[in-house]
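The values are calculated or read from the model by the stated rules, or taken from the named source; none is laboratory data. Computed from a prediction, not measured in an experiment: that's the story for all the values here. Because the Cβ atoms are built from the backbone with ideal geometry, glycine has one as well, and the counts that use them run over all protein chains shown. Areas reflect the complete protein model, heavy atoms only, side chains present, ligands, DNA and RNA absent. Shrake-Rupley method; radii C 1.70, N 1.55, O 1.52, S 1.80 Å.
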Amino acid sequence: MKKLVVLTGAGMSAESGISTFRDSGGLWDTYKVEDVATPEGWYRNPQLVTDFYNTRRRELQNVEPCLGHKLLAQLEQEYDVQIITQNVDNLHERAGSTKVCHLHGELMKVCSSRDPNNPHFIETLPPDHCDVKIGDKAKDGSQLRPFIVWFGEAVPNIEQAAELSSKADIYLIIGTSLNVYPAAGLIHYVPEGCPIYLIDPKPVQWNSMLPVHHIMKGASEGMKEFIERLKG
Ligand code: APR
């Protein structure tokens, strides 16, 4: 089976009702990145950060995968589909995708604030009990923190993502402004001659000499057109 490698961003979940970061009205218009998505913000005000991720977790319980997520999952019948996502939601998994590499962490997981990437202390929260309180401890006795990669923190899965990107037969990018590294640098691992498609309703700053087929549509309509082009 041909390897279809898919890099997704917040735009993938926009049609599920989850706001993106940099569109107007996006998350970074409402919250300051340095307050809720950096280690400094966490040390300065862990209550604010805990509340921010509790709100996003509760929101996630009330949304469903969009048609784009579902069409992507269905492609596993014909392709070896590997998703690399910058998203921390679980909508790819809930749509049925079986190979999902999360670069920036996972909203439904929490971890040790002393040793965030130690797998012994990473826990998955149940949908009906997804709020964390100050005072909730990880198994190492430290305060539970969101299992999220904050700005300035290492991206443990980037090597795996680069390896996966280097093996693509077809590369598809959906719903990312390609603003944030190292994720945005993955396009440089795509093999020479591998066709690259981009699904995004707006122009995206394409920082590569590689040619890209831009399907200027939303994730769901864009996936329909992408599937048609694969058949063509
Ligand atoms: N379908 C597809 N793409 C869409 C849609 C849609 N319905 N609506 C918006 N988009 C596109 C926007 O045009 C934009 O290019 O999705 C992209 C969203 O870009 P960002 O908001 O910057 O999100 P993303 O690229 O995922 O951000 C990367 O930044 O803040 C960090 O960790 C956070 O993972 C995030 C990273």
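For the range 164-181, a residue qualifies if it is small (G, A, S) and open to solvent by 10 Å² or more (accessible area, probe 1.4 Å), and the qualifying residues are S166, G175, S177.
Give the residue that is least open to solvent (accessible area, probe 1.4 Å), with candidates limited to residues of the range 13-39 that are in contact with a Ser or Thr (Cβ under 7 Å, 6 or more places away or on another chain) and at pLDDT 95 or above. Per the stated criteria, the residue is A14. For beta carbons closer than 7 Å, sequence separation of 6+ or different chains, a first residue in the range 1-25 that is without any contact (Cβ under 8 Å) to a residue 60 or more places away in the chain and more than 10 Å from the ligand (Cβ to nearest atom) and a second that is hydroxyl-bearing (S, T, Y) and in a loop (DSSP other than H, G, I, E, B), the qualifying pairs are G25/S19. Applying the condition of being more than 22 Å from I18 (Cβ to Cβ) and among the aromatic types (F, W, Y) to the range 139-194 and asking which residue is farthest from the ligand (Cβ to nearest atom) yields Y189. The set of residues in the range 213-232 being within 13 Å of the ligand (Cβ to nearest atom), part of a loop (DSSP other than H, G, I, E, B) and surrounded by fewer than 20 Cβ atoms within 10 Å (Cβ to Cβ) consists of M216, K217. Screening the range 144-154 for residues that are in contact with a helix residue (DSSP H, G or I) (Cβ under 9 Å, 6 or more places away or on another chain) and buried (at least 18 other Cβ atoms within 10 Å of the Cβ) and picking the one that is nearest to Y43 (Cα to Cα) gives R145. Residues that are in a strand (DSSP E or B) and farther than 21 Å from V180 by Cβ within the range 135-159 comprise K137, Q143, L144, listed in sequence order.
Within the set K224, K231, the sole residue that is modelled with pLDDT of 95 or more and farther than 20 Å from Q82 by Cβ turns out to be K224. Among the residues of the range 76-91, the ones that are farther than 19 Å from P146 by Cα and away from the ligand (no atom under 13 Å from the Cβ) come to 8 in all.
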